[in-house]
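Everything on this sheet refers to the single structure shown next.
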Amino acid sequence: MDRLQQTICALATPPGAGGIAVVRVSGPDAYPIVEKIFAPLHVGRRVAEAKGYTAMLGHYLLHGQEMDETIALFFREPHSYTGEDVIELSIHGGTAMADGLLEALITAGAAPAGPGEFTRRALEHGRMSLTQAEAVMEVIAANGRQGAALAKSALDGRLAKRIGAIQTALQSLNAHLTAWIDYPEEDVPELSDVQLLQTLRTQKAELDSLINGYGAGAVLRRGVDCVLLGRPNVGKSTLLNLMAGFDRAIVTPVAGTTRDIVEQAVQLGEIRLNLFDTAGVREVGADGDAIEAEGIRRSWKKLDEAGLVLAVFDAAQPLTDADREIARRCQDRPALAILNKQDLADSTENAAGTLRPYFKKVITLCAKEADSLQPLTEAVAELLGTAQLDTGAAQLCSARQLAAATRARDAIEEAIHARQAGYGLDAIGICLTDALQALCDLTGEDASDATIEEVFETFCVGK
């Protein structure tokens, strides 16, 4: 049987204890199936006769036995999330009642939904584009308000509209070129090189803007792995505790207190940081503490994996050779130098001057003071590009979209280079066809089954 002909059901809220649990039912037999297991509180009312956008109070039945009090919300196709008949059943939260309701529905003829199947049906019924479908999980996973705003802009269709505008411009250009090449007997005006190159450069700039904004957008939506790096006793653990808002790491005057990586997720402004406080980096020698040496090795390894590096230095002491080695290893990385203990320092100008060639930004602070959080938050946002990002504008929201946009941009760039090198308009047309195909892949207009499977395999069941 075609999967779309089946009626599916799944828990739409997180499993476990909670105020309510919501089970969603969608498909051609949603109303007949729910009618079998739902007993309205008011005699004479029937599920089959319920109008869309209405609610009904009753109880659900399991093997004929009245179970939990239930509120049924009704949606008639095509005016529902999936474009099908949909009923959402709200009961008291908890595993037992939710499992009982699912058992009742499956016994009555519903099939368990697969990951993302409700959203997939919305896609297949034309309720949303593939880019909007991808934005659904981004909205769910967003950690901050700005990240949620970015994801919602894609869910609202702004990305599809922005890509559509690029497609329209390239299609018009391609149609003009095709007509001029294929129908020379017709009076089709030849496109000047100035017009051709201007159109190509304008659309390439649009794609460049989308591509360049992807990294900052991903940081706002999903957060970033951040490593705290520095010599022993420069204040890494104190800084971790400041950002966490509680004493997550042990702080003592004894060097080498942190011997393994301490992990802690924190919200720094609008950015979620997956913090890794590492062992203090220093030379332990061949006969040194083997455990500390392993911790230091892991510190360097974490540096290579991090999306953000907070390198901490002691502003009250002159920079050491170990400090300079840390700075050298941070060069060309998304790294922020933090001169800590400014309350104990006479001056930080010399140290800051030494560090600036190796870091995107250098700031001074005192990790013991809560007031240090604001400049740190602003510096991180500036470094990762989130401070300049327009959260109301359309942005790419998946690696798949980024790859497709990059292919389209590269094809346009190839067209520009080809024309500048003296190639004919037929070669330009081939490049334009490649760019348009990449944009169709991005929006999902010609998406293969494999691409759709790739998108929905990351979805949770019930969405």
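Quick notes on this one:
- The chain, dipole about Cα centre (Lys/Arg Cβ +1, Asp/Glu Cβ -1), debye to the nearest 20: 1100 debye
- Where Ile140, Ile326 fall by accessible area, highest first, once all protein chains stay in place (1.4 Å): Ile140, Ile326
- Euclidean distance between Cα centres, segment 33-88 to segment 373-401, Å: 44 Å
- Cross-linked pairs Lys301/Lys361; Lys152/Lys360; Lys152/Lys302; Lys204/Lys463; Lys161/Lys361: Cα-Cα separations exceed 25 Å for Lys152/Lys360; Lys152/Lys302; Lys204/Lys463; Lys161/Lys361.
- Screening the chain for whole DSSP H helices of 24 Å or more along their axis (Cα) with average Kyte-Doolittle hydropathy at least 1.0 returns 425-443.
- [x] 1.28; [y] 1.49; [z] 0.99, with the label sought being that of the calculated Cα Rg over 2.2 N^0.38 Å: [x]
- Label-zone membership for segment 220-238, site Lys301, 7 angstrom Cα→C-beta point, backbone N under 19 Å: 225-230
- Close amide H partners of Ile20, meaning residues 5 or more places away or on another chain with modelled amide H under 5 Å apart, are Gly93.
- Charge tally in the Cβ shell below 14 Å around Leu207, where Lys, Arg are +1 and Asp, Glu are -1, Leu207 excluded: -2
- Fraction of beta bridges assigned by DSSP in the chain that are antiparallel (%, nearest 5): 60 percent
- Ordering of 397-410, 218-231 by packing [mean C-beta count within 10 Å, highest first]: 218-231, 397-410
- With both labels modelled 7 Å from their Cα along Cα-to-Cβ, the Glu77 to Gln388 distance reads 4.9 nm.
- Gln420/Glu457 FRET efficiency (R0 35 Å; Cβ-Cβ; nearest 0.05): 0.25
- In the chain, a dipole from Cβ-located charges (positive for Lys and Arg, negative for Asp and Glu) runs towards its positive end, and of Ile33, Leu384, Cys366 it is Cys366 whose Cα lies farthest in that direction.
- Residue order by solvent-accessible surface for His63, His42 is His63, His42, largest first, with ligands and nucleic acids left out and a 1.4 Å probe.
- A dipole drawn for segment 320-463 from +1 and -1 charges on Cβ atoms has a positive end, and of Ala335, Ala411, Cys397 the residue lying farthest that way is Ala335.
- Think of a 1.4 Å ball rolled over the protein heavy atoms: the chain then has 47 Å² of accessible area per residue.
- The length gained on full extension between Ala169 and Ala111, counted as 0.36 nm times the residue separation minus their Cα-Cα distance, comes to 16.4 nm.
- Per atom type, segment 309-394 shows carbon and sulfur on 42% of its accessible surface, probed at 1.4 Å.
The values are calculated or read from the model by the stated rules, or taken from the named source; none is laboratory data. As the structure is a prediction and not an experimental result, all values here were calculated from the model. No Cβ is skipped: glycine too gets one built from the backbone with ideal geometry, and neighbour counts run over all protein chains shown. Keep in mind that these areas ignore ligands, DNA and RNA; they rest on the heavy atoms of the full protein, side chains included. Shrake-Rupley method; radii C 1.70, N 1.55, O 1.52, S 1.80 Å.
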